[in-house]
Amino acid sequence: MRCWLKIEEMALEELMQRLNAVSQCADEIMHQDIIPLYAADIQDQLKKQFAYLSGGRGGDGCPVITFPDYPAFSEIPEKEFQNVLTYLTSIPSLRDAGIGFILVIDRRQDKWTSVKASILRITASFPGNLQLVLVLRPTGFFHRALSDIAFKFNKDEFKMKVPIIMLGSVSELQSYIDKTQLTEDLGGTLDYCHNRWLSRRTAIEGFAQKVKQTAQILQSFGTELAETELPNDVQSTSSLLATHTEKKDKMKEDIRLAVEQGDDILGSITKPVTENPEYKLNQDQLDNQTTVERLLAQLHETETAFDEFWIKHQQKLEQCLHLRNFEQNFREVKAALDTVSERLSAFRDVGNSCSHVEHILKDLASYEEKSCETVAKARMLASEGDAFIQSNHYAVDSIIPKCSELHQLCDAFTTEIERRRNLLNKSLELHGLLEKSMKWCDEGIYLLASQPVDKCQSQDGAESALQEIEKFLDTGASNKIKELNKIYREYAHILNEDLKEHVQKVFQKQESMEEMFQKRQVSLKKLAAKQTRPVQPVAPRPEAFVKSPCTSPGLQRDYVSNSESSALRRVNYRRGKSEMTELHQSRGGSTMDDEENLAVLRQHVMNELIETERAYVEELLCVLEGYAAEMDNPLMAHLISPELQNKKDILFGNMEEIYHFHNRIFLRELENYVEYPELVGRCFLDQMEDFQIYEKYCQNKPRSESLWRQFSDSVFFQECQRKLDHKLSLDSYLLKPVQRITKYQLLLKEMLKYSKNCEGAEDLQEALTSILGILKAVNDSMHQIAITGYDGNLNELGKLLMQGSFNVWTDHKKGHSKVKDLARFKPMQRHLFLHEKAVLFCKKREENGEGYEKAPSYSYKHSLNMAAVGITENVKGDAKKFEIWYNAREEVYIIQAPTPEVKATWVNEIRKVLTSQLQACREASQHRTLEQTQSLPLPASSCTSPSRNHIRNTKKMEERKADLASLESFGTTVAPKYPEKGKGWAKTSHSLDASEENDGWSSAEDPLNSSDAEEEGGGGGGEMKLTPGKYTVVTDYEKGVSEEFTVKSGDLVQLIREGEDGLWYMKNLSTGREGWIPANNLLMLIGNSKSAQSLSSSESGTASSTLSTSSSCSDSCNASCTSFSDIKG
């Protein structure tokens, strides 16, 4: 840097010297260093032409100054006179001026007095050397004579250093000066124009002044350039270089114009010669030509000096700009290298499985590829700095350390990434060994589990199983870990605590598996080597038996025979017991092996559950960070189309909520059960409510899918996928939550399969049921949100219990005759939605589109209030049909399910709804009865005599019979009056016109006579018919104080047989006891009628076939509840 400054100072000094020389030379050329006077300054005085320098020369080259006849010569001010003479004498060269001037004074038209005054004035004021003064005296006779006389007598007054010669004519003048050197007015041939001469002199002097000014301006500009402080940033340096370059170009343009000016002057001087080669320039013209040429030479010298200086200055500025660019790029590249090095340090994880390590290696390779650009920029910048050093840049001492640092950082990054890759390759190698060992162990465990125990009890089966085991153990040489310490030594540099623990667990699993194989081998070898022992009867010793005192030979023989057989049986029993004990020990060992196998299988399922859960959490995080977060990134905003902005919640739904639940709660809870896989069901049950968040995600999935299809080709999603290096697009990851919630039930089924005799089996079964319930709820809700045309709020209908598609026939009592006829053989395709408070009938409509948009929609048709609904479980002629009827069978809907199983599920679910409504009605009735009982006066104390008890019991029986009559008339006398359509329930039912029912009908079904159900289930007021099945007790019944068989209201009983006097023999399903109960005390719950049994909440029929729940929903509740109160009373 110092060297450069010194060079710059020397360049500036050289420039100043050369430009000073040009200025001085210009002054010398124009004689301005002696007489600083310009023609432009005295142009008006020169125009008077009382004296001029014609360019003529005397014999020895003396310049000739002519004083023409000028009448007002005496009136010229002295100052002007002096200026003109001084200027004229400064024009010739110093050599010519040194010889002396010849003055030609033309006074031919003047008077002697004026001549005398002119001569005296000229000789007195002439500033230069005079060689000769030639005076043309007046031509008039008188004045001519007078001048001769006066000159002679006044000669002393004209004493001068040079002689004065009085000439009488031009011819005499030509004897002193050649005719070619005299102007035409003096009889000569010299071409002279005073205006032309004045113009040329002004131009030459202006050009000389221009040359001098140019040199001075360049001096100032050079000083300015040299003294300018170099900026510290790229922009300022670039701006400074542009400014200086602009000024330099302007200076060059001024020089070019000055050169053109000089060339024009020179051309005007030599123009006569150019036009006429024979033309000869006079000495003045030659002097002017020489002057202009010398000035042009000085101007070229000025330009050359400045160009040389500018080259050095420009080089300095360009090097400064290069340096600032280099420094700026260095800062950026160093920051980028620091960033990539810092991110590289994040690759510390050596992985927990082969797939994990491969994923990390892939990420490392991808990161290396992305970082290559940064490293390449750094190396290129270092090479650029080296080139600066080689080109002798003025800031070498600043560039060298930066280049060294860049080389060091690049080499360090390359070395570190290679080290990381080697570590991961070693980790991959280790995990390969571990997974190979684990796979070998799993195969061994599955082998043990797949060997049937019963077949292994035979000798051939045991030998075959033993051969399988030995064959499998032979494969362990290439699959199992042999020396644990060797693993520790070989992979010490990658073994962290977690990996070391994993190695230990794998090794322990391997040892445990080998121990299991050893035990199985021992058991199988025993079974294979066991020989069946023959049963050898041994006769007991005679003395071992005591003789019977009985003397009968027959008895004695019988006794001995019996004793022998008894002894024989004891011997055989001991042998048999020994063999059975041995067999049980063998089977016991096999059972223990099976239990160990099941434990290993449970652990295998648990490991899969946890590993897939971790992968699931990582995938969710990847989507949220790589896609969702990027939608809020300002740097990515330009890639997002306006229609996609602010749509993140639609696209991703509540994925973030799902991620937080699994990451913060569920995964951690699962890890707590890793050692107790059979108890993992409790973990699911504890978090079951949180799994409801999947319902919200699945309900939003159609909107998300539709939005994705619109913008799947967006550059934003492609860029995010490229950054994440995902092979699959975003829609595949948006499907992950749906796939995951369905995966749990598969894993729970697998776990339950291996945990049937374990402590947590019940929890596993309950968890499986709950998960399946959530899946069903999710599926049902997906259909529910597709319902269109329903004016009310679906949430007010209670929980959605079931949904499905059915064939539906209608058979309404009050319908149009044509509708009734058509309804018997043309079914409607309807999709039913069963809620807690209503059942909805919808028409399924398939939509065109793709994906979720192709999902059907459901057009609402009508609904039935469950408070006024009854069912007939079986319809004659089709095991898949059942009836739903409304308002005492005013509206009957015959439903055909796809399968009998679907029908049974729906019937059971509807039965649960109606039963719960009945229970609510009964509880309300009992509550009112209790209130009425508490308000009655207390009865008198009862007599304890047997007769009174008998009378009281008899009275109770009569009261119960009366109650039975009341119950039998319940259907007709106190039948609930449900609200009419459109009043008690919002749009509960709407009549279907023929045009609507024709929509979607088919003629595949035979005509159905729905009156069958009415005929068998109808009736009223008669005795209760015996119908096998289950009944509900409606009033408490005690047979007697000493009897143990009692029933309470609400108990469930099973009919066994029918007795006399209206008594049925029943079994109490709660206590298991059996006894006789009056049939009037029973209400049929489930029957087995061959045609139709009904479960209803509004049917007006026999009490044994009617289940009423309307008391909780309408004004008729009072009537029905009163009937139950009367019965219980």
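The values are calculated or read from the model by the stated rules, or taken from the named source; none is laboratory data. Predicted model only: the values in this text are computed from it and were never measured. Quick reminder, even Gly has a Cβ in these numbers, built from the backbone with ideal geometry, and neighbours come from all protein chains shown. Accessible surface is based on the protein model in full, side chains and every heavy atom, while ligands, DNA and RNA are left aside. Shrake-Rupley method; radii C 1.70, N 1.55, O 1.52, S 1.80 Å.
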- Hey, any hits in region 194-209 for a residue that's part of a helix (DSSP H, G or I), under 27 Å from Gln315 (Cα atoms) and open to solvent by less than 20 Å² (accessible area, probe 1.4 Å)? no
- Find the residue count for region 17-58, including only residues that are aliphatic (A, V, I, L, M), part of a loop (DSSP other than H, G, I, E, B), open to solvent by less than 30 Å² (accessible area, probe 1.4 Å) and modelled with pLDDT of 80 or more. 3
- Is it fair to say Lys876 is open to solvent by 10 Å² or more (accessible area, probe 1.4 Å), modelled with pLDDT under 90 and over 27 Å from Tyr1031 (Cα atoms)? no
- For region 849-873, which residues satisfy the criterion of being open to solvent by less than 40 Å² (accessible area, probe 1.4 Å), part of a loop (DSSP other than H, G, I, E, B) and either of a type in the set (A, V, I, L, M) or at pLDDT 80 or above (or both)? Glu873
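Does Leu667 qualify as being aliphatic (A, V, I, L, M), modelled with pLDDT of 90 or more and in contact with an Asp or Glu (Cβ under 9 Å, 6 or more places away or on another chain)?
Working: aliphatic (A, V, I, L, M): yes; modelled with pLDDT of 90 or more: yes; in contact with an Asp or Glu (Cβ under 9 Å, 6 or more places away or on another chain): yes.
Answer is yes for this residue.
So in region 59-69, with the set limited to residues that are open to solvent by less than 50 Å² (accessible area, probe 1.4 Å) and part of a loop (DSSP other than H, G, I, E, B), which one is modelled with the lowest pLDDT?
Gly61
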- Task: Scan region 156-190 for residues that are assigned to a loop (DSSP other than H, G, I, E, B) and modelled with pLDDT under 85 and report the count.
- Result: 7
- Considering residues that are out of contact with any Lys or Arg (no Cβ under 9 Å at 6 or more places or on another chain) and among the β-branched types (Val, Ile, Thr), the number found within region 290-342 is 5
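Give me a count of the residues in region 906-921 that are open to solvent by 20 Å² or more (accessible area, probe 1.4 Å) and over 11 Å from Glu873 (Cα atoms). Spell out the reasoning first.
Of region 906-921, the ones open to solvent by 20 Å² or more (accessible area, probe 1.4 Å) are 908-909, 911-912, 915-917, 919-920.
Retained after the next criterion (residues that are over 11 Å from Glu873 (Cα atoms)): 909, 912, 915-917, 919-920.
So the answer is 7.
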- Go through region 633-649 residue by residue and tally those that are open to solvent by less than 40 Å² (accessible area, probe 1.4 Å) and outside any loop (DSSP other than H, G, I, E, B). 1
- The number of residues in region 44-54 that are touching a residue at least 60 places away in the same chain (Cβ under 8 Å) and in contact with a strand residue (DSSP E or B) (Cβ under 7 Å, 6 or more places away or on another chain) is 3
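Which one is nearest to Cys62 (Cα to Cα) among residues in region 87-96 that are assigned to a helix (DSSP H, G or I) and open to solvent by less than 30 Å² (accessible area, probe 1.4 Å)?
Asp96
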- Note on the structure: Pairing a residue in region 738-750 that is under 15 Å from Ala767 (Cβ atoms) with any residue that is among the small types (Gly, Ala, Ser) and buried (at least 17 other Cβ atoms within 10 Å of the Cβ), where Cβ atoms lie under 6 Å and the two sit 6 or more apart in sequence or on different chains, gives Leu748/Ala767
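Residue by residue, here is whether (1) part of a helix (DSSP H, G or I); (2) among the acidic types (Asp, Glu); (3) open to solvent by less than 20 Å² (accessible area, probe 1.4 Å) holds:
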site: Leu746; (1), (2), (3): yes, no, no
site: Leu752; (1), (2), (3): yes, no, no
site: Asn757; (1), (2), (3): no, no, no
site: Leu764; (1), (2), (3): yes, no, yes
site: Ala777; (1), (2), (3): yes, no, no
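So, Lys826, is that one more than 30 Å from Ser916 (Cβ to Cβ), assigned to a loop (DSSP other than H, G, I, E, B) and either modelled with pLDDT under 85 or not basic (Lys, Arg) (or both) or not?
Numbers: more than 30 Å from Ser916 (Cβ to Cβ): yes; assigned to a loop (DSSP other than H, G, I, E, B): yes; either modelled with pLDDT under 85 or not basic (Lys, Arg) (or both): yes.
In short, yes.
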- Check Pro737 against each of (1) crowded, with 16+ Cβ neighbours inside 10 Å; (2) outside any helix (DSSP H, G or I) and name the one condition it does not meet. (2)
- Item | Odd one out for Ile610, checked against (1) closer than 24 Å to Met438 by Cα; (2) outside any helix (DSSP H, G or I); (3) hydrophobic (A, V, I, L, M, F, W, C) | (2)
- Could you give me the residue pairs with C-beta distances under 7 Å whose first residue belongs to region 690-716 and is surrounded by fewer than 20 Cβ atoms within 10 Å (Cβ to Cβ) and at pLDDT below 90, whose second residue is outside any helix (DSSP H, G or I) and among the β-branched types (Val, Ile, Thr) wherever it lies, and which are 6+ apart or on separate chains? Gln699/Ile785
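Considering only region 466-484, state which residues are open to solvent by less than 100 Å² (accessible area, probe 1.4 Å) and either part of a helix (DSSP H, G or I) or more than 20 Å from Gly444 (Cβ to Cβ) (or both). So that I can check it myself, show each step before the final result.
Going residue by residue through region 466-484, those that are open to solvent by less than 100 Å² (accessible area, probe 1.4 Å) are 466, 468-470, 472-473, 475-481, 484.
If the condition is that a residue be open to solvent by less than 100 Å² (accessible area, probe 1.4 Å) and either part of a helix (DSSP H, G or I) or more than 20 Å from Gly444 (Cβ to Cβ) (or both), then Leu466, Glu468, Ile469, Glu470, Phe472, Leu473, Thr475, Gly476, Ala477, Ser478, Leu484 are the ones that fit.
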- Item | Top-ranked residue of region 435-477 - restricted to ones that are free of Cβ contacts under 8 Å to residues at least 12 places away in the same chain and of a type in the set (Lys, Arg), ranked as farthest from Glu358 (Cα to Cα) | Lys455
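Working only within region 196-234, note down all residues that are of a type in the set (S, T, N, Q) and touching a residue at least 60 places away in the same chain (Cβ under 8 Å).
Pass one, region 196-234, residues of a type in the set (S, T, N, Q): 199, 202, 209, 213-214, 216, 219-220, 223, 228, 232.
Of everything in region 196-234, those that are of a type in the set (S, T, N, Q) and touching a residue at least 60 places away in the same chain (Cβ under 8 Å) turn out to be Thr202, Gln209, Thr214, Gln216, Gln219, Thr223, Asn232.
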- Within region 271-292, which residues are within 16 Å of Arg196 (Cα to Cα) and surrounded by fewer than 17 Cβ atoms within 10 Å (Cβ to Cβ)? Lys271, Pro272, Leu281, Leu286
- Query: For Asp386, all conditions in the list (1) open to solvent by less than 30 Å² (accessible area, probe 1.4 Å); (2) over 23 Å from Leu495 (Cα atoms) hold save one; what is the number of the exception?
  - Reply: (1)
- Take Glu630 and decide whether it is open to solvent by less than 50 Å² (accessible area, probe 1.4 Å), in contact with a Cys (Cβ under 9 Å, 6 or more places away or on another chain) and not β-branched (Val, Ile, Thr). yes
